[in-house]
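The values are calculated or read from the model by the stated rules, or taken from the named source; none is laboratory data. These numbers were taken from a predicted model, which means no experiment stands behind them. Glycine also receives a Cβ, built like all others from the backbone with ideal geometry; neighbour counts cover every protein chain displayed. Side chains are part of the model used for accessible areas, which takes the heavy atoms of the whole protein and leaves out ligands, DNA and RNA. Shrake-Rupley method; radii C 1.70, N 1.55, O 1.52, S 1.80 Å.
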Amino acid sequence: DRPTEPLFVSKGDDNVSFEVPSDYLIDRYKPLQSDIQNRFPGDKTIPVKKLNNIPDLSLPLSLPRNASFSLFNQSHTKMASRLIEVLLATKSLDDLMSLAVYCRDRVNSYMFIYALSVVMLHRPETRNLRLPSHIEMFPSLYMESGVFSRAREEAEVVPVGSRIAIEIPRDFTATDLDPEHKLSYFREDIGLNLHHWHWHLVYPFEGPQSVVNKDRRGELFYYMHQQIIARYNMERLSNGMNRVERLTHWNDPLTEGYFPKLDNIMANTVWPSRPANSRLSNINRAADQVAFDIEDLERWRDRIFDAIHSGFIVDTNGRQVRLTEQGGIDILGNIIEASTLSPNPNLYGTLHNNGHLAISYIHDPDNRYLENFGVMGDSATAMRDPIFYRWHAYIDDIFQEFKSTIPSYTVQNLTFENVRVQSVEVTATGIPRNEFATFWQKSDVELSRGLDFLPRGPILARFTHLQHAPFNYKIVVENNGNQRTGKVRIFIAPKLDERGSPILYRDQRKLFVELDKFSVSLKRGRNEITRSSLESSVTIPHEATYRNLDNNRPADNTAEAEAFNFCGCGWPQNLLIPKGSAEGLQCQLFVMVSDGTIDQVENAQGADQTCDDASSYCGLRNARYPDSRSMGYPFDRVPRNGVVTLQQFLTPNMIAQDVRIRFANRTVSSFANNSRPSAGTNNPPR
Ligand code: CUO
């Protein structure tokens, strides 16, 4: 507990302290006021205004300060929602800061950071401020516990400037005796877990309407998680494994175990493990206000399937609401997750969230051992666990069931008249044409903000992650019409299944992973389009994910500041391309140019488009989703009659090119080559 320490101040401003009104200190600290105030004297002191009225905080205060807070637990999110509401309602930035300071020593720490982060993302005066990366605030959620005692020792003994980075081993959770361990480089990737944390921060399922009700948020819940499963399956095929199996038969033991080896610093304990073959059971934990039966999940599932097959849902007034071709998926996303936009929570429940909870409490369903939830209970850690993918493959299958009830795209829905894609080619320096090169790379992340130790100053952890050589697409498009706008959609999928046989289109469409989407102006005649992998609409730049690789960068750069808030959401650049294999995983690269006038979305004048780095999975800040087509188009629906192979699916404005992803088992230590080039407003300078 460091009451006078700055809250959200950027790296270069560490020598700032707050002058807190004496009434704000909790009783225990009041006699120590001057002592506390002088403990970390800053070059600069920010006086904190005293509010005349502190709003009613009884709901958020009902969770003990050091208890575990789960974003999938409705009673917790209701508390957070109240906190968000009162922080959002403050009249000025000074008032917001004041109330935040007041809350900081009283409210549950994790809930506090979550709520304040949501508020900062959504208030116009704060959304361009720099929010420290979640890994800086809570490093223990993202890396092995052993690294922290080593970091502490290094910091205590070695002066700043001579400290060395603490190396995190690549294999710290298991061995290859567990076949699932082959995927740990993906599941435990720091950037991947940060993306998932950010996504749920940008799209909370509970909170004030202004925060929850975003354009197509239910559909994006479906699409972003569908893409996670497609990408995971490609990683599995890369490693000679079968596609992930849906988590059905909820009374059978769960084959997969997971031992996270993460410290839970707030609760001063470790994150619970799940031995292989654990069984789900009814959950009844009064302390967490969670009680539901596995049968509840079954009832909700059956009602959701009924709705899909009858083509409508029933709202709270008993009215039928049709699940339309375009909008049905958005309603279903909100129902299945469930978000507060669900039109009938009593009838359809909270299937996805409670699945997370049932799995996360599997080791102590009635709280008799006073154990916290496991990693599935937190969006910052859930993707580490193999069971996450089985659960989300199940959830995705429900969405796919809906997609199978709506009409297939006709040839007309797919073509762009007079436009023909003639070729696509992938090139990278020193690598054969139409090949992607993957390898290991080491990067550093700064730990000191999230750790309590003296003397302070930077201390780095060094971790190993997958990386690929940056590449260019060269696409040749023939336009036999007038000048117009096209939207280029680039995807990749494996070509062969687990047995080495070609995958039928029916299955392959679910494996297509989006790589990029952008608009082009097509002149009459031949157009040659070159696009760099670093510009992908799926990813954020490497340095935006890890943020603090370079401690000497200026802290007050607006462009940089913008990149870390909303813009913290985005697939990590280092995982854009799946791992592939030493022989070269055979894949098909797909390019489509669709009609830009149909795909275009009108946004209100002045709509904020500064955070458009990773719009494919994260949308745009304060603006509509920038594509009028269903998310996943053209692969989101079952094929029209007669289409068995990808080749048969293609219309002239599409092309499929055989490519390979070749993995080399070597490690490079520099990360210089995957930074995004300068252009654009939101690219942090290097
Ligand atoms: Cu992102 Cu289940 O929704 O984790």
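Observations on the structure shown:
- Subset of the range 191-216 (residues that are hydrophobic (A, V, I, L, M, F, W, C) and more than 15 Å from the ligand (Cβ to nearest atom)): VAL211
- When ALA437, ALA393 are screened for being within 30 Å of VAL488 (Cα to Cα), within 16 Å of the ligand (Cβ to nearest atom) and not polar (S, T, N, Q), only ALA393 passes.
- Residues of the range 199-216 satisfying the condition of being open to solvent by 10 Å² or more (accessible area, probe 1.4 Å) and out of contact with any Ser or Thr (no Cβ under 9 Å at 6 or more places or on another chain): SER210, LYS214, ASP215, ARG216
- Members of the range 635-686 that are of a type outside the set (Lys, Arg), modelled with pLDDT of 95 or more and open to solvent by 80 Å² or more (accessible area, probe 1.4 Å): ASN641, GLN647, GLN648, ASN665
- In the range 389-434, the residues that are among the polar types (S, T, N, Q), within 14 Å of LEU650 (Cβ to Cβ) and in contact with a strand residue (DSSP E or B) (Cβ under 9 Å, 6 or more places away or on another chain): THR415, GLN422, SER423
Yes or no, residue by residue, for (1) in contact with a helix residue (DSSP H, G or I) (Cβ under 6 Å, 6 or more places away or on another chain); (2) aromatic (Phe, Trp, Tyr):
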residue: VAL314; (1), (2): no, no
residue: GLU325; (1), (2): no, no
residue: ILE336; (1), (2): yes, no
residue: ASP385; (1), (2): yes, no
residue: TYR409; (1), (2): no, yes
residue: GLN412; (1), (2): no, no
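A quick yes/no check of all residues on (1) buried (at least 23 other Cβ atoms within 10 Å of the Cβ); (2) more than 22 Å from ASN193 (Cβ to Cβ):
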| site | (1), (2) |
| --- | --- |
| VAL314 | no, yes |
| ASP330 | no, yes |
| ALA338 | yes, yes |
| ASN346 | no, yes |
| PRO365 | no, yes |
| TYR369 | no, yes |
| PHE373 | yes, no |
| PHE388 | yes, no |
| ILE398 | no, yes |
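- Screening the range 432-453 for residues that are modelled with pLDDT under 95 and assigned to a loop (DSSP other than H, G, I, E, B) and picking the one that is surrounded by the most Cβ atoms within 10 Å (Cβ to Cβ) gives LEU447.
- Flag if ARG106 is in a helix (DSSP H, G or I), over 25 Å from the mean Cα position of the chain (by Cα) and surrounded by fewer than 22 Cβ atoms within 10 Å (Cβ to Cβ): no
- Filter result for the condition that a residue is closer than 18 Å to PHE292 by Cβ, open to solvent by less than 20 Å² (accessible area, probe 1.4 Å), at pLDDT 95 or above and not hydroxyl-bearing (Ser, Thr, Tyr), over ALA393, ALA358, ALA382: ALA358
- On the stretch given as the range 337-384, residues that are more than 27 Å from SER184 (Cα to Cα) and polar (S, T, N, Q) total 7.
- Pair list, Cβ under 6 Å, 6 or more apart: the range 388-415 residue touching a residue at least 60 places away in the same chain (Cβ under 8 Å), other residue of a type in the set (Val, Ile, Thr) and within 13 Å of the ligand (Cβ to nearest atom): HIS392/ILE229; ALA393/ILE229; ASP396/ILE229
- Lone qualifier among THR429, THR405 - being modelled with pLDDT under 95 and either away from the ligand (no atom under 11 Å from the Cβ) or open to solvent by 20 Å² or more (accessible area, probe 1.4 Å) (or both): THR429
- Restricting GLU180, GLU188, GLU219 to residues that are touching a helix residue (DSSP H, G or I) at 6+ places or on another chain (Cβ under 8 Å), more than 13 Å from the ligand (Cβ to nearest atom) and open to solvent by less than 10 Å² (accessible area, probe 1.4 Å) narrows the list to GLU219.
- Scanning the range 436-477 for residues being among the charged types (D, E, K, R) and out of contact with any helix residue (DSSP H, G or I) (no Cβ under 7 Å at 6 or more places or on another chain) gives a total of 5.
- Residues being within 19 Å of VAL270 (Cβ to Cβ) and either of a type in the set (D, E, K, R) or more than 16 Å from the ligand (Cβ to nearest atom) (or both) - total across the range 338-364: 2
- The set of residues from the range 84-101 being surrounded by fewer than 18 Cβ atoms within 10 Å (Cβ to Cβ), assigned to a helix (DSSP H, G or I) and of a type in the set (A, V, I, L, M, F, W, C) comprises LEU88, LEU93.
- For the residues SER68, SER34, SER81, the requirement of being within 25 Å of ALA267 (Cβ to Cβ), out of contact with any helix residue (DSSP H, G or I) (no Cβ under 6 Å at 6 or more places or on another chain), open to solvent by 10 Å² or more (accessible area, probe 1.4 Å) and part of a helix (DSSP H, G or I) singles out SER81.
- Sole exception among (1) surrounded by fewer than 22 Cβ atoms within 10 Å (Cβ to Cβ); (2) within 29 Å of MET631 (Cα to Cα) for TRP250, by number: (2)
- Residue within the range 510-533 that is at pLDDT 85 or above, open to solvent by 10 Å² or more (accessible area, probe 1.4 Å) and aliphatic (A, V, I, L, M) present: yes
- Tabulated pairs, the range 316-340, first without any contact (Cβ under 8 Å) to a residue 40 or more places away in the chain, second open to solvent by less than 50 Å² (accessible area, probe 1.4 Å) and part of a helix (DSSP H, G or I), C-beta under 9 angstrom, 6+ apart or interchain: VAL321/ILE331; ARG322/GLY328; THR324/ILE331; GLY327/GLU219
- Residue in the range 285-301 that is under 27 Å from TYR625 (Cα atoms), of a type in the set (S, T, N, Q) and either in contact with a helix residue (DSSP H, G or I) (Cβ under 6 Å, 6 or more places away or on another chain) or crowded, with 23+ Cβ neighbours inside 10 Å (or both) present: no
- Picking from residues in the range 109-132 that are surrounded by 22 or more Cβ atoms within 10 Å (Cβ to Cβ) and without any contact (Cβ under 8 Å) to a residue 60 or more places away in the chain, the one that is farthest from the chain's Cα centre (by Cα) is PHE112.
- Applying the condition of being touching a Leu at 6+ places or on another chain (Cβ under 9 Å) and not charged (D, E, K, R) to the range 155-172 and asking which residue is most open to solvent (accessible area, probe 1.4 Å) yields ILE164.
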